[in-house]
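Scroll down for the structure; my scribbles are underneath it.
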Amino acid sequence: MSASSQAPIAFEPGAHADGKDAKKSEDVPANAVSATPKKKEPPPESPESIRQRSYVVLSFWAIILIIGLPIWWKTTAIYRARLPLDQMMDWADGRACRPVFPLRISIEADSLQDHEAQHLLRTTQHALDDLNDFSAHHLRLELSPSNASTAATGLSTGGVENEELALVIRLLPGTTTKADLQSYAPILDIYYTPNQIPSSSSSSSSLGNYIANRLRGMFAEEQAMISYLLSTSSAPPERSPKALAPEVAESLAKWTTRSMKYSRTYHLTFSLFTPTATPSSWDIASALEEHLKPLLESFSSISNFTIDTQVQLYATPGVSGNVLKKEDLSGFINAAEWPLSPSIGGAPTINFIIYVGDMEVEGGGKGWLIPQWGGVVIQSDISDLRPAMLIFSNQLMSLLGAPESGSLPLRLMTLVRVRSAGLLLKASGTMGSLARLTLALPSISIPRSVADGVYTTIEHLRKACDGLGGQEALENARIAEEAAEKAFFEKSMVGQVYFPDEHKLAVYMPLLGPVGVPLVMTVLKEVRAWRKRRRGSR
C-alpha cells in the first residue's frame, strides 16, 4: 500500500498517543475558532447620546430645584410675625411697670387760716408717710382750691390733675374729735376742737395724727388686696410688698376664690323656686326697681348688667328637716337639676334664687353665698322681697370682688383700682406665656393678628400702668387683657401646638420617597459612568 492511500488515524477524546497530547495545543492553527462563545459587548455610546442622557437627568433636577423646591417652600412655609419678645418678657417679669396707686385726698378747711391749713396738711402728710410701709399704695393730701393753690403748699399733684379724687375731707369745728363717713358720697367729715390746731412751730399735731390713723384704717383693706395681688404675681422680689399676716392672706385667698372673673357685662338671673303650685308669681319687677337698680347704676362705670326672672317648680331640695346643715348644702344646691336660664351673649351669669320654704341654715340666717356662682335665700313669705333683695345686694358686691368695709362709693372706687391691678397683672402674665410659647416652638405659626394683639396689649398696658389711680386705668387694663387673651388663644396658632415635626416627616415620606429615590439613583449611576469613561480615556 502506498503512503498516499493510507487512512488517517482517529483519536478519541482523552486518548493518549505516544504522549503527544501535551503538544496538541501547539498544533492548533492560529486562525482556528474557539468552541466557547464570548459575551457580546454593546456598541460604544456616542458622545451625543451621553450628552443627551445627561441633559435629561439635569433637566429633571433643574425643574425640582428651580421650580418645585421654591413652590414647596412657599406653600408650606410657616408665617411668623415678629413679636417684641423682650418687651413681652419685661411685662411678664414686672420690669416694664411698677404698679403705683397714688390716691388723691382733698382737704377742705374753710374754718382755718391758710397758713394753719397748710401746716396741718404737712404734719398730716408726714404722719401718713410714717405709717405707710407699702410704697406702691400711698395717700397724697392736697388743699381744696377754696383754701389755697396746691402749688403754694409744696404738695402739688405732680402733673396728675386728671386723676379722680379718692376722698374729700371736710374739717369742721366741734366740741369733740370724731369722724363721720357719708354713706353715699366719698366725703369724710372730721370734727375737731380749737385746741387741736397745731402751731406753726410744732412738727406734729394730735389732729394730724388722728386724720392719718383714720385714713390708714379706711384704706387698709384696699392696700392689703393690692398687696396680695402683687405678691401672687411675678414681680421682682425687690418690688414685692411685705408679707401679709397669715389670717389676712387666708382671708384674701377666699376673696379671690369667691369673686367672679371681671367682665364688662354680667347677666343676672333671679329665680323663684317653689315646691308647690303656689305662689305662681312674685312682684320681682318692683323689688328690683326699688332695691337693686340704684346699686346697679352705681356700678355703671365698672360693669353693665342684664336681668331676667323666672318661676320654677322644684319640690325636692335634697334634704329633710327644717335646718340645713353645712354638709346638706351640697345636696340642696344642685345646679344640674335646677332649670336655670343660660348665659346671654356670652356674659357671665350670676344666679340669685329664692326658695319658698320654712327652713333655715345652721347657725342662723336664711341665705348663703355660692362662690363664683350666685346666692340662695330661703323665705316662706314672698309678699315682701325687701329682705331677700338686701341679701342679694351684699352677695352681688362680694361676687364682684368689692371690699367688705367702707361706704358704697369708697368700696366701688377700691374695686376699680383692684380690678385694674388684677387685669394688668393678668395681661402681663399672658404676654410672658405667649413669648415663652413662641421661643419653645419655632415651627408654630404666628399670624399677623397675633402681633397686632400683642402691640395693642402693650400700648394699653402702658396707659393702664401710668394711671392706676383713675377710672381710665380700668378700661385700658380691660382692653389689654382681652387683646392678650385673644392673641394667646388664636385658633390657627393653637392647632399647631399639637402638630410636632415627626408628623410632618410621616406626611412627606410617602409622597417624596417614590419620586426622590429614582432621581438620586440615576445621578449616582451617571457619576459612576463618568468616572469609568475618565479612567478609560487615561
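The values are calculated or read from the model by the stated rules, or taken from the named source; none is laboratory data. Quantities reported herein were computed from a predicted structural model and do not represent experimental measurements. Neighbour counts are summed over all protein chains in view; Cβ atoms, including those assigned to glycine, are modelled from backbone coordinates with ideal geometry. For the accessible areas, the whole protein counts, side chains as well, though only heavy atoms, and no ligand, DNA or RNA atoms are used. Shrake-Rupley method; radii C 1.70, N 1.55, O 1.52, S 1.80 Å.
Numbers for the structure displayed
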read-out: Residue check, Gly375 in a strand (DSSP E or B), surrounded by 15 or more Cβ atoms within 10 Å (Cβ to Cβ) and modelled with pLDDT of 80 or more; value: yes
read-out: Some residue of segment 354-364 being modelled with pLDDT of 75 or more, in contact with a helix residue (DSSP H, G or I) (Cβ under 6 Å, 6 or more places away or on another chain) and under 24 Å from Thr256 (Cα atoms); value: no
read-out: Residue list for segment 301-335, filter: modelled with pLDDT of 90 or more and over 18 Å from Trp373 (Cα atoms); value: Ile302
read-out: Residue check for Leu296: touching a helix residue (DSSP H, G or I) at 6+ places or on another chain (Cβ under 8 Å) and modelled with pLDDT of 70 or more; value: no
read-out: Out of Leu103, Leu112, Leu83, Leu65, sole residue that is touching a helix residue (DSSP H, G or I) at 6+ places or on another chain (Cβ under 6 Å), modelled with pLDDT of 85 or more and of a type outside the set (Ser, Thr, Tyr); value: Leu83
read-out: Count of residues meeting criterion [at pLDDT 80 or above, open to solvent by less than 70 Å² (accessible area, probe 1.4 Å) and of a type in the set (S, T, N, Q)] in segment 210-250; value: 3
read-out: Contacts under 8 angstrom Cβ, first residue in segment 173-187 being closer than 12 Å to Leu408 by Cβ, partner in a loop (DSSP other than H, G, I, E, B), 6 or more apart; value: Leu181/Gly406; Leu181/Ser407; Gln182/Ser407; Ser183/Ser407; Tyr184/Ser407; Ala185/Ser407; Pro186/Ser407
read-out: Of all residues in segment 64-119 being in contact with a Pro (Cβ under 7 Å, 6 or more places away or on another chain) and assigned by the TED database to the domain that holds Thr193, the one that is least open to solvent (accessible area, probe 1.4 Å); value: His119
read-out: Residue list for segment 378-397, restricted to those being surrounded by fewer than 18 Cβ atoms within 10 Å (Cβ to Cβ), touching a strand residue (DSSP E or B) at 6+ places or on another chain (Cβ under 8 Å) and among the small types (Gly, Ala, Ser); value: Ser380
